[in-house]
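The values are calculated or read from the model by the stated rules, or taken from the named source; none is laboratory data. Since this is a predicted model, take the numbers as computed values, not measurements. When we count neighbours, we look across all protein chains shown, and the Cβ atoms used for this are built from the backbone with ideal geometry, even at glycine. When the accessible area is computed, the model is the full protein with side chains, heavy atoms only, and any ligands, DNA or RNA have been set aside. Shrake-Rupley method; radii C 1.70, N 1.55, O 1.52, S 1.80 Å.
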Amino acid sequence: MASFLRSLAATTSVAALAGAGVYAAKTMAARSEESVRPVIHGGRTPRILIAGGGYIGLYTATTLRKHLGRADAEIAVVDPRPYMTYQPFLPEAAAGSIEPRHVVTSLRRELEGTTVLNGNITEIRHAERKAVIKPLTDDPAYEVTYDHLVVGLGSVARVLPIPGLAEMGIGFKHIEEATALRNRVLNQLAMAASTWDADERKRMLTFVFVGGGFAGIEAIGEVEDMARAATKEYDSIEPEDLRFVVVEGAGRILPELGEELGGYAIEQLRERGVEIHLNTFLNSCVDGHIELSTGEKFEADTVVWTAGVKPHPVLAQTDLPLDERGRVRTAATLQVTQEDGTPVENAWAAGDCAAVPDLTQGPGVTCGPTAQHAVRQGKHLGENIVRVLRGEQPTDYVHENVGTVASLGLYKGVAQIKGFKFRGPLAWFMHRSYHVLAMPSFERKVRILADWTQALVFRRELVSLSALSRPRAAWEEAVASGKKPTPAPKGSKTPAVAGGKQPSGKQ
């Protein structure tokens, strides 16, 4: 079985690499065959401002620059991060299957001929065609003007007012959070192996994941797999000592995959010792004391929050029309619209922060917040702006979901493609193949394939770099060690300690 799985993994790498090469060749051919048509701009080069450098920002800007030269349009992308994160690979980055740097794509490298501004958009006044940008430095905010606006700000974690959550919780939307979770889990194992306190040890080895959607289930599947593999390096920790807990408010997990595959995922995780609490809510986690709505209580040092997202809060600081969920109202053409359906001139939106109608599902249904939709919407949005600049009419965004894939750890997965259901190693193979092909940049595809190939030969890298959260700690300790003790005040019978502080307790 082990040799079969290794052969399957090797086949994954070869097939995905071949597919990536074909994809790159087709893209280059399409670019070379594209006919150049003039842009109507009345003698002044229009400026297109793209708010957000995620899927929408990257793919919209790439599409625009593919069709438009610098004389046709100025393009600026604004985002606090200089890179775009491919979120479906965050669980594998957290498990160490992929190098964290390979999960992100540099905006400046990919968007040649486009201005990238690192900062936060704090206000948009579309009526005036102005946006306010706050730099990441202490410099004051400044205004930029534009002709066309693309809103691709995405979403943020939907944090509920649960006691202790703000202090204890770890998100799972960015590569920094995935890396921090990996370091924390490995560091907890190292600390647990170095303590003789049984209760403290049990607390350190308990990991709670709140949310049973794709983010939560894939994260716990990959991280649990890694943690149990890490126990082999400790004589004092057995795999059974680890406790992984899923807390989900609904009656099932992975609802997009249906009851059958969702039930299969539950069975597989429970066989691995993962506790899954359905129809259950987190009531409190103050100081690591976990209280569930079922009345169960236990201690845990790690709480990972993946229970939903909400549109970026800065949308409330705009004059754009929003729906009841705080998303930008959009038509199927990805144009921003008023409540009555009237288009807002030169305003576009897509992705998690937009209420894009899903024409394949009937009236009133909007596209889900998935990478599959975001990638395609970004490309379609760019093409529609090009159409408008050329005096043509924009077209509707229509995409029927061909399937859904999810990983449950190494060689484990579930998938539903065109109504057919898959599970186990084959589903895991489909998950990896699809996402490596969808990963932006040929270079990143190759680097990820190289990571997977190396994993076939070498063991998992299970080193925690938790000190990265405090990179100056060793320096500060060295500085403190060179300070001379502060002389004790006259008349004092207690010697002073470094820094002039007195030890507690009676003397």
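One line per residue, one yes/no per condition, for (1) on the phi < 0 side of the Ramachandran plot; (2) at pLDDT 95 or above; (3) under 22 Å from the mean Cα position of the chain (by Cα):
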site: Gly364; (1), (2), (3): no, no, no
site: Pro369; (1), (2), (3): yes, no, yes
site: Gln372; (1), (2), (3): yes, no, yes
site: Lys379; (1), (2), (3): yes, yes, yes
site: Gly391; (1), (2), (3): no, no, no
site: Thr395; (1), (2), (3): yes, yes, no
site: Glu400; (1), (2), (3): yes, no, no
site: Thr404; (1), (2), (3): yes, no, yes
site: Gly409; (1), (2), (3): no, no, yes
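When Gly413 is tested against (1) part of a loop (DSSP other than H, G, I, E, B); (2) of a type in the set (Gly, Ala, Ser); (3) in contact with a Lys or Arg (Cβ under 8 Å, 6 or more places away or on another chain), only condition (1) is not met.
Here is a yes/no grid of residues against (1) in a loop (DSSP other than H, G, I, E, B); (2) at pLDDT 75 or above; (3) among the charged types (D, E, K, R):
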residue	(1), (2), (3)
Tyr434	no, yes, no
Arg444	no, yes, yes
Trp452	no, yes, no
Ala467	no, no, no
Ala474	no, yes, no
Lys490	yes, no, yes
Lys506	yes, no, yes
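Annotation for region 72-81: no member residue is open to solvent by less than 50 Å² (accessible area, probe 1.4 Å), closer than 19 Å to Met439 by Cβ and assigned to a helix (DSSP H, G or I). Here Gln416 meets each of (1) over 21 Å from the mean Cα position of the chain (by Cα); (2) at positive phi; (3) polar (S, T, N, Q) with one exception, condition (2).
Screening Cys285 on (1) surrounded by 15 or more Cβ atoms within 10 Å (Cβ to Cβ); (2) under 17 Å from Val151 (Cβ atoms) shows it passes everything except condition (2). Among the residues of region 416-432, the ones that are part of a strand (DSSP E or B) and free of Cβ contacts under 8 Å to residues at least 24 places away in the same chain come to 3 in all. Taking strands (runs of 3 or more DSSP E) as the structural unit, those lying wholly within region 251-299 and holding at least 1 residues that are charged (D, E, K, R) correspond to 275-277, 289-292, 297-299. Cβ-Cβ below 8 Å, separation at least six or inter-chain, first residue in region 450-462 and in contact (Cβ under 8 Å) with a residue 12 or more places away in the chain, second surrounded by fewer than 16 Cβ atoms within 10 Å (Cβ to Cβ): which pairs? From region 450-462, the pairs are Asp451/Glu99; Thr453/Ala10; Leu456/Arg6; Leu456/Ala10; Leu462/Glu233. Out of Val446, Val463, Val414, Val457, one residue alone is closer than 21 Å to Arg182 by Cα and out of contact with any Ser or Thr (no Cβ under 7 Å at 6 or more places or on another chain). It is Val463. Among the residues examined, Gly164 does not qualify as closer than 28 Å to Leu315 by Cα and buried (at least 19 other Cβ atoms within 10 Å of the Cβ).
In this structure, Ala25 does not satisfy being open to solvent by less than 40 Å² (accessible area, probe 1.4 Å), at pLDDT below 50 and out of contact with any strand residue (DSSP E or B) (no Cβ under 9 Å at 6 or more places or on another chain). When Leu242, Leu315 are checked against the criterion of being within 23 Å of Ala371 (Cβ to Cβ) and surrounded by 14 or more Cβ atoms within 10 Å (Cβ to Cβ), Leu315 stands alone in meeting it.
Per this entry, Thr302 is not counted among residues that are polar (S, T, N, Q), within 25 Å of Arg125 (Cα to Cα) and surrounded by 14 or more Cβ atoms within 10 Å (Cβ to Cβ). Name the single residue, out of those in region 178-200 being closer than 15 Å to Phe298 by Cβ and without any contact (Cβ under 8 Å) to a residue 40 or more places away in the chain, that is farthest from the chain's Cα centre (by Cα). Among residues in region 178-200 that are closer than 15 Å to Phe298 by Cβ and without any contact (Cβ under 8 Å) to a residue 40 or more places away in the chain, the one farthest from the chain's Cα centre (by Cα) is Ala198. Ala95 passes every criterion in (1) out of contact with any helix residue (DSSP H, G or I) (no Cβ under 8 Å at 6 or more places or on another chain); (2) buried (at least 23 other Cβ atoms within 10 Å of the Cβ); (3) at pLDDT below 95 apart from (1). For region 439-464, filtering for residues that are under 22 Å from the mean Cα position of the chain (by Cα), open to solvent by 60 Å² or more (accessible area, probe 1.4 Å) and of a type in the set (Val, Ile, Thr) leaves 0. Checking each residue in region 104-155 for being surrounded by 19 or more Cβ atoms within 10 Å (Cβ to Cβ), within 20 Å of the chain's Cα centre (by Cα) and assigned to a strand (DSSP E or B) picks out Val104, Thr105, Ile121, Val151, Ser155. Scanning region 335-392 for residues that are in a loop (DSSP other than H, G, I, E, B) and either open to solvent by less than 40 Å² (accessible area, probe 1.4 Å) or of a type in the set (Asp, Glu) (or both) yields a total of 10. Of all residues in region 195-219, those satisfying the criterion of being in contact with a Phe, Trp or Tyr (Cβ under 6 Å, 6 or more places away or on another chain) and in a helix (DSSP H, G or I) are Ala215, Gly216, Ala219.
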